[in-house]
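Report on the following structure.
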Amino acid sequence: MKVLFYTPQSDAADWLRDLSRALPEADLREWQPGDDAPADIAIVWRPPRDMLAGRDGLRAIFNLGAGVDAILALEREHPGTLPRNAQLVRLEDTGMAQQMAEYVTHAVLRYMRRFDEYDLQQAQQRWHVLEPHPRETFTIGILGLGVLGAHVAKSLVSLGFPVRGFSRSAREIDGVVTFAGLPHDTQFDAFANGLKVLVNLLPHTPDTHGILDKRSLSKLARGAYLINIARGAHLVEQDLLDALEQGQISAATLDVFTDEPLRQHHPFWKHPRISITPHVSALTLREESVVQIAQKIVALARGERIGGIVDIARGY
Ligand code: NAP
Ligand code: GLV
């Protein structure tokens, strides 16, 4: 079996080493510009169009992340890029759910106990006790109840927070009040109404583009908090800046941005109520990912069904 690998990141050699150990029978090579020799499987992160276009022999493309928006954007911009018979397969958890739960728990507790405000007070050498937000009314809404969102929701329930969740199809999670619908429909409004914290874990698709906008933010409780850990294109940046200015949003924790890295003079950098991390809320863990991909490749070769296959029309 011929396996083609590509990542724009600097750790390609580590991936190739671990993949060749996990798939000793495979004929594995790193894709280089101009390589159009046949391949059965591609394992990629943010591949250039030339790598995939015209490769009709490909049976599967494994994406080294949970989100497939970059690959699907290639197909939208240049229809026919994705080989007709290839299944697109994303990572399922591989250690990301726990990382997301850690990230969200940290941000939620920081806001509930008002540690963000103590940081500001410290800068002014101010000694002043603030009342914590009451946990029982600190309602958290999770947009997206998939592999990552469902795990985050369960972690927050275990800490005693009231939790709501929103997904496209109906989901049941113990202790979570769930809503099913599409962005900006009546179910979405019922989900968002009066939330103290909104956490975004949706995939980026044409349906979810710009969902964190003025309209959505206005549904939350006054002085609510926003945590965006999915994609930057979900957020209408100026709408967040306006909502912070008006006090509708108290603070935001942002891990993802429309343009990454965030450009040098972007107003988010120095905003006193915005906390920034550089797209690290859930890193792709190489060891776990190699195990999952290798198991799926073996299963496919045996003709078995695998999980994580992307529905191209749905966009995730
Ligand atoms: P997933 O398992 O596919 O779950 C997606 C969830 O979103 C599902 O509950 C789905 O509803 C819901 N959904 C999708 N489109 C919707 C729509 N139009 N309206 C309402 N709900 C919708 O994905 P995942 O593995 O949890 O990952 C989620 C996203 O996290 C990824 O796509 C990626 O963008 C992001 N991510 C970010 C990082 C980071 O480091 N910042 C790391 C990993 C992933 P159904 O349940 O009905 O299908
Ligand atoms: C990272 O952003 C991912 O989609 O896995």
Members of segment 255-272 found to be within 14 Å of ligand 2 (Cβ to nearest atom) and either under 17 Å from Leu120 (Cβ atoms) or among the acidic types (Asp, Glu) (or both), listed by number: Asp255, Glu260
Can you find a residue in segment 132-147 that is surrounded by fewer than 22 Cβ atoms within 10 Å (Cβ to Cβ) and within 30 Å of Leu285 (Cα to Cα)? yes
Just the residues that are out of contact with any helix residue (DSSP H, G or I) (no Cβ under 6 Å at 6 or more places or on another chain) and either closer than 23 Å to Val290 by Cβ or of a type in the set (A, V, I, L, M, F, W, C) (or both), please, taken from segment 67-82. Gly67, Val68, Asp69, Ala70, Ile71, Leu72, Ala73
So, restricting to helices (runs of 4 or more DSSP H) that lie completely within segment 39-154, which ones have at least 3 residues that are more than 24 Å from Pro206 (Cα to Cα) and away from ligand 2 (no atom under 16 Å from the Cβ)? 96-112, 115-123
Looking at this structure, is Ala294 of a type outside the set (Phe, Trp, Tyr), farther than 18 Å from Val147 by Cβ and either touching a Ser or Thr at 6+ places or on another chain (Cβ under 7 Å) or in a strand (DSSP E or B) (or both)? no
Residue check: is Leu254 within 16 Å of ligand 1 (Cβ to nearest atom), surrounded by 14 or more Cβ atoms within 10 Å (Cβ to Cβ), aliphatic (A, V, I, L, M) and without any contact (Cβ under 8 Å) to a residue 40 or more places away in the chain? yes
Just one of (1) surrounded by 14 or more Cβ atoms within 10 Å (Cβ to Cβ); (2) away from ligand 1 (no atom under 12 Å from the Cβ) trips up Arg231, so point out which. (2)
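A short reminder: the numbers here are calculations on the coordinates, not readings from a lab. These numbers were taken from a predicted model, which means no experiment stands behind them. Note that each Cβ is placed from the backbone with ideal geometry, even for glycine, and that neighbours are counted across all protein chains shown.
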